[in-house]
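Since every read-out is calculated from the coordinates, none of them should be taken as a lab result. Everything quoted here is computed from the prediction, not taken from an experiment. Cβ atoms come from the backbone with ideal geometry, glycine included; neighbour counts cover every protein chain shown.
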Amino acid sequence: MAYYSPVDFLQDEEFIEGMKRRQNGELSLTWMDAATERVRCSPQSPRRGMTYKDINVGSYSTDAIPEVIRSHRTMAPRGSALPLGLPDMGYLVNRKSEVWANNILALYEESKTRQWNASTDIDWCALPDCQITDDMEKAFCQLCTLLTEVEMIATDLPAKWIPLINHDMIELKSLLCMQAVDEARHTEVFRKRALANGVGLLQASVVAEHALKGILDADTYTQASVFLHLLGEGFILSTFRNGEAIAPTAVDKKIFRLVMQDEARHVSYGMMHLKYFLRAHPSRAEEIHFMLDEAETLMIGLLGSAELAEPLIILAGKGFGREHIERGVELTLFNQLKAIDEYFGRLEHAGLEGRRERSQFTKLLAMLA
Amino acid sequence: MDFPSKEFFDRLRTELVGAADEFAHLGVFDASFAIRVQASPGFAEERNYLFRFELDSCTELTETETDGLEDRVDFVLEAPHAIWCEMLASRQPNGEIDAAHTINTLCHFDDPIRVRYRDPLGHDKLFRFQQSVQTVFNVAATVAAEGARAST
């Protein structure tokens, strides 16, 4: 037992007397006089149901979260009456700007409705009828191996931070929970796909693991978010889009269409969080740049690895012949350049200036030119 | 039934409304987008059609002007007339467009479909709602196929 109650209730005569009085029907009803705001919320759209936006009112609203949460460090709900004697739950993230984004409520509602089931929403029974050579199946299974390996980071990272974030940011914590479920499903679907058509998992990746460790060990939540949501998931989103375009079967294309939906929500949150953060702390842009200097290096290691790049080349070129590989290299490079450009575009939209000039990607492209 | 034509898009609007259960299964689809049908041999004049979805329903499907279109929607899908026709003609017996003609396949390499957008958040909606967008084109392919059957 790591935490002990400050009161031994069995030794507390006043508490025991209170229980006895209640057993006899003598109620205090002090909670009925709690000085909280009376509201009557209802759905703006009956078809959407009661959304977080519908209850975003008055003292209960996200506007009521102060930038610095100095006095409230418990799970007592935002807007409730806070009695004396509440413990400190040990939250390490107590500034709204260090986690917040202006699209959290909408993304949370969207993510609930757009859940899908990796067991039943994919037509697994159609896979054996799809014509695919053993070598192409192997290339696809290598891609699935890599994606199975990296996807769960986007479950582990929010799971690491959720208990450290002040409970006043409950909508954000809920969105991160949805992300964790999304990524568990991605791990599931790629693992199932690798095992579904005669090959199985292939080679794990050392450089991928280093990148994952870099994300997990980020110094602050915002640094972790920029690394994961904007850099990591931004590039994985591009990989999913590329995967849909080059996938060998209609079954695989649907997998990529569904995972890209989830991934794009996470990227959207990450972009808007960085925007919120930089508006509140413009002088901390250098901290983000400094983190990205190393994070991009880790990402370059992953993007340039044989475990990721080679199956993409084979799948894009649709074969192992010289012409196929040349075409595959061309298309894969196109995809990577597009992903880099979109990454810069998202950072610029978020307000991080000067990344194109400073980026490790820019240096890499100059070296490869 | 010609593509594009008022008759085609009126019928598509009706079919999209009729596919409410399928859209509802996929979830919230709050987005607006347009398709730009560019001139190509046999099709002289560029046309634009705006789709607006709220919750899971098509609330608007209208022909619109080119000017400022990227500012009025989340993203614009732009391709020559012949490409749109080829995509719509690739419908499979299961009612879906074939694997070589999914909307992402055609636009990912910026050829033959280009995606135009102003705001990265709007662009990302193409991916956040990818399966719903694909469903719109699957339904459109069914309308095209029924139109072709009716005219033979």
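Relative contact order (percent) for the range B:6-151, with alpha-carbon contacts under 8 angstrom and 6 or more residues of separation?
Rounded, it is 25 percent for the range B:6-151.
Based on DSSP loop calls and a cut-off of at most 12 other Cβ atoms within 10 Å, the longest stretch of chain A free of exposed trypsin sites (Lys or Arg not before Pro) is what?
A:71-369
Please list, by residue number, everything in the range A:77-98 whose backbone N is under 15 Å from a paramagnetic label point 7 Å out along Cα→Cβ of A:A34.
Of the residues in the range A:77-98, A:77-86 have backbone N under 15 Å from the label point off A:A34.
Please return the longest stretch of chain B lacking exposed loop sites, where GluC sites (Glu not before Pro) count only if DSSP places them in a loop and at most 11 other Cβ atoms lie within 10 Å.
Of all site-free stretches, the longest is B:66-152.
Determine the gain in length on full extension of the stretch A:E286-A:R70; use 0.36 nm per residue of separation and subtract their C-alpha separation, reporting nm with one decimal.
75.1 nm
With an 8 Å Cα cut-off and a minimum separation of 6 or more residues, compute the relative contact order for chain A in percent.
Relative contact order of chain A: 17 percent.
I'd like the GluC sites (Glu not before Pro) in the range A:149-181 restricted to DSSP loop residues with at most 10 other Cβ atoms within 10 Å, sorted by number.
Taking the range A:149-181 and a limit of 10 other Cβ atoms within 10 Å, no loop GluC sites (Glu not before Pro) are found.
Average partner chain C-beta neighbours within 10 Å, per residue of A:260-267?
5
From the cross-link list A:K138/A:K338; A:K275/A:K318; A:K53/A:K253; A:K112/A:K160; A:K53/A:K338, which pairs have alpha carbons spaced over 31 Å apart?
From A:K138/A:K338; A:K275/A:K318; A:K53/A:K253; A:K112/A:K160; A:K53/A:K338, over 31 Å: A:K275/A:K318; A:K53/A:K253; A:K53/A:K338.
Arrange the following residues from fewest to most other Cβ atoms within 10 Å of their Cβ: B:V17, B:V143.
B:V17, B:V143
Would you kindly state how much longer the chain becomes between A:E357 and A:D8 on full extension, computed as 0.36 nm times their sequence separation minus their alpha carbon distance, in nm to one decimal?
This chain segment gains 119.4 nm when fully extended.
Report the local net charge at A:G317: Lys and Arg +1, Asp and Glu -1, summed over other residues whose C-beta lies under 9 Å from its C-beta.
Net of charged neighbours comes to -1.
Starting from the Cα of A:K192, step 7 Å along the direction of its Cβ; do the same at B:R72; then give the gap between the two resulting points in nm.
It is 4.2 nm.
If each of B:L55 and B:E7 carries a label point 7 Å out from its Cα toward its Cβ, how far apart are those two points in nm?
Here the modelled spin labels are 3.3 nm apart.
Mind sorting A:H273, A:H167 by how few other Cβ atoms lie within 10 Å of their own Cβ, fewest first?
A:H167, A:H273
A:T187: net charge of surrounding residues, Cβ under 9 Å, Lys/Arg +1, Asp/Glu -1, itself excluded?
Neighbourhood net charge equals -2.
Counting only C-alpha contacts under 8 Å and six or more residues apart, can you give the relative contact order of the range B:10-71 as a whole percent?
It comes to 31 percent, rounded to a whole number.
If you take every DSSP beta bridge whose two residues both sit in the protein assembly as shown, what share of them, in percent to the nearest 5, is antiparallel?
Percent antiparallel among DSSP bridges in the protein assembly as shown is about 75.
Starting with the fewest neighbours, write out B:L106, A:L143 ranked by other beta-carbon atoms found within 10 Å of each beta-carbon.
The order, fewest Cβ neighbours first, is B:L106, A:L143.
Could you list the chymotrypsin sites (Phe, Trp or Tyr not before Pro) in the range A:315-369 that lie in coil according to DSSP, counting only those with at most 14 other Cβ atoms within 10 Å of their Cβ?
Those satisfying the criteria are A:F320.
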